[in-house]
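The values are calculated or read from the model by the stated rules, or taken from the named source; none is laboratory data. Just so it is clear, the structure is predicted and the values come from calculations on it, not from any experiment. Quick reminder, even Gly has a Cβ in these numbers, built from the backbone with ideal geometry, and neighbours come from all protein chains shown. The accessibility values were calculated without ligands, DNA or RNA, using every heavy atom of the protein model including side chains. Shrake-Rupley method; radii C 1.70, N 1.55, O 1.52, S 1.80 Å.
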Amino acid sequence: MFIGVTFVAPLGTMLVRSVYDPVVADALPDTLERLRDWDGTGAPNERVYEAAARELLVAREARVLGRVASRVNRVRGGLRSVFVRTVRRLREVDRGPWREALVGIDAAWGEDATWHAIRTAGDRLTSRHYLNAVDLQRLPDGTIARQPAERRIYVALLGRTLLVSLGITVLCLLLGYPVAHLIAHAPPRRAGLLLALVLVPFWTSLLVRTTSWIVLLQTQGVINDLLVALGLVGDDGRVALIYNMTGTVVAMTHVLLPFMVLPLYSVMRTIPPQQMSAAASLGASPALAFRRVYVPQTLPGIGAGSLLVFILAIGYYITPALVGGQSGQLISNFIAYHMQTSLNWGLAGALGAILLASVAVLYVVFDRLVGLDRMRLG
């Protein structure tokens, strides 16, 4: 029940919203029904205009006009203001002809593109959110084409998210492996202290940890001041380390590093130290013994830590939002934007579903290459 309420239900709701949007269909049923007979060229007949005028006024009284206008505006920009202005002035119109009345209020009602947008937004079951999520669109004739160049953002953003997550995973592995090795082979008292230092970030708010990097990385921050004091850069040549991808990578690596250290440490502490001595007694150099004897036994920890860090990194949005600036944003930031600001839950659901599918594919590839049965946390 816990998994169903906290995981399956929200996930199912997201997937349903990505393909099901009944707002326009519920508000304009007669208009959409009469548009079925429209051939798609030129303006529709008077009956369509009459139904649209009547149902738009009803939608305003029912306080759903804004939602209807937003759905249509997502298909064709600029139509939200057309809907609002039209309904405001329609209250002064007593009778038809409704085509002349609507076109007189706004010339957009005489364009076939407006009616194509209404008909497209009126589909209860739609694939347009998934098409938008991969920078595609369905044209009025039913064919699928690429979005205009200025609107092709999501495919590149998904690729950037995967590359950044992979890079952060590699950085966490390079930094975490020696730390875990040091803790695993330190005396018990010192190991406890070192492990406590690794766990300190878990005792600090994520917001505090992220904002502390703003203090360190900003142009007038601690790191730039240190570089200037050492003479490595001039005071007028301070390095931009924040509000870009550099800030995102640094802050996320710091936040996620414990998730790499702990699985590695839990595996390393189970490796008998006598194995390295035995390898040395058989003539192996320390480097060879480490590479041939020690590292293979830590592969389960490497796999568990890498998978954990990668999955966490691919869904992070608070840290990139605070320190990433415009160039340091990941796809999760746009999912949050559409959920909280633009309220385009259908597109947010489609982006989330594509991200989930990408992670699932990588998970299967990881299982084939490494094997999930080989991962363990100690």
**Message:** To the nearest 20 Debye, how big is the dipole of the chain about its Cα centre, given +1 on the beta carbon of each Lys and Arg and -1 on that of each Asp and Glu?
**Reply:** 860 debye
**Request:** Whole number in Å², please: accessible area per residue of the chain, 1.4 Å probe, ligands, DNA and RNA not counted.
**Result:** 54 Å²
**Asked** Considering only protein heavy atoms, what is the solvent-accessible area of residue 100 at a probe of 1.4 Å, reported in Å² to the nearest 10?
**Response** 130 Å²
**Message:** Once each part is reduced to its C-alpha centroid, what is the distance from segment 1-24 to segment 211-274 in angstrom?
**Reply:** 38 Å
**Prompt:** Roughly speaking, to the nearest percent, how much of the chain's 1.4 Å accessible area is carbon and sulfur?
**Reply:** 63 percent
**Request:** At 1.4 Å probe size, with no ligands or nucleic acids counted, give the accessible surface of residue 254 in Å², nearest ten.
**Result:** 60 Å²
**Prompt:** Which peptide among 255-261, 156-162, 190-196 comes first, and what is the full order, when sorted by highest mean count of other Cβ atoms within 10 Å?
**Reply:** 255-261, 156-162, 190-196
**Item:** Calculated [θ] (222 nm, deg cm²/dmol) that DSSP helices of n ≥ 4 give over the chain, each run adding -39,500 (n - 2.57)
**Value:** -20000 deg cm²/dmol
**Prompt:** With all protein chains present and a 1.4 Å probe, how do 17, 138 order by accessible area, largest first?
**Reply:** 138, 17
**Request:** Taking H placed 1.01 Å from N in the peptide plane, check which residues at least 5 places from residue 136 or on another chain put their amide H under 5 Å from its amide H.
**Result:** 147
**Complete:** With all protein chains present and a 1.4 Å probe, the order of 33, 55, 50 from largest accessible area down is 33, 50, 55
**Request:** Can you bin segment 28-125 into rounded, prolate or oblate? Criterion: square roots of the alpha carbon gyration tensor eigenvalues sorted a ≥ b ≥ c, rounded for a/c under 1.5, prolate for a/b above b/c, oblate for the rest.
**Result:** rounded
**residue 154 accessible area, assembled protein chains, probe 1.4 Å, Å²** = 20 Å²
**Prompt:** When the solvent-accessible surface of protein heavy atoms is calculated with a 1.4 angstrom probe, in what order do 120, 31 fall, highest first?
**Reply:** 120, 31
**Prompt:** Where in the chain are the DSSP H helices whose alpha-carbon span along the long axis reaches 30 Å or more and whose Kyte-Doolittle mean is at least -1.0?
**Reply:** 154-184, 245-268, 345-369
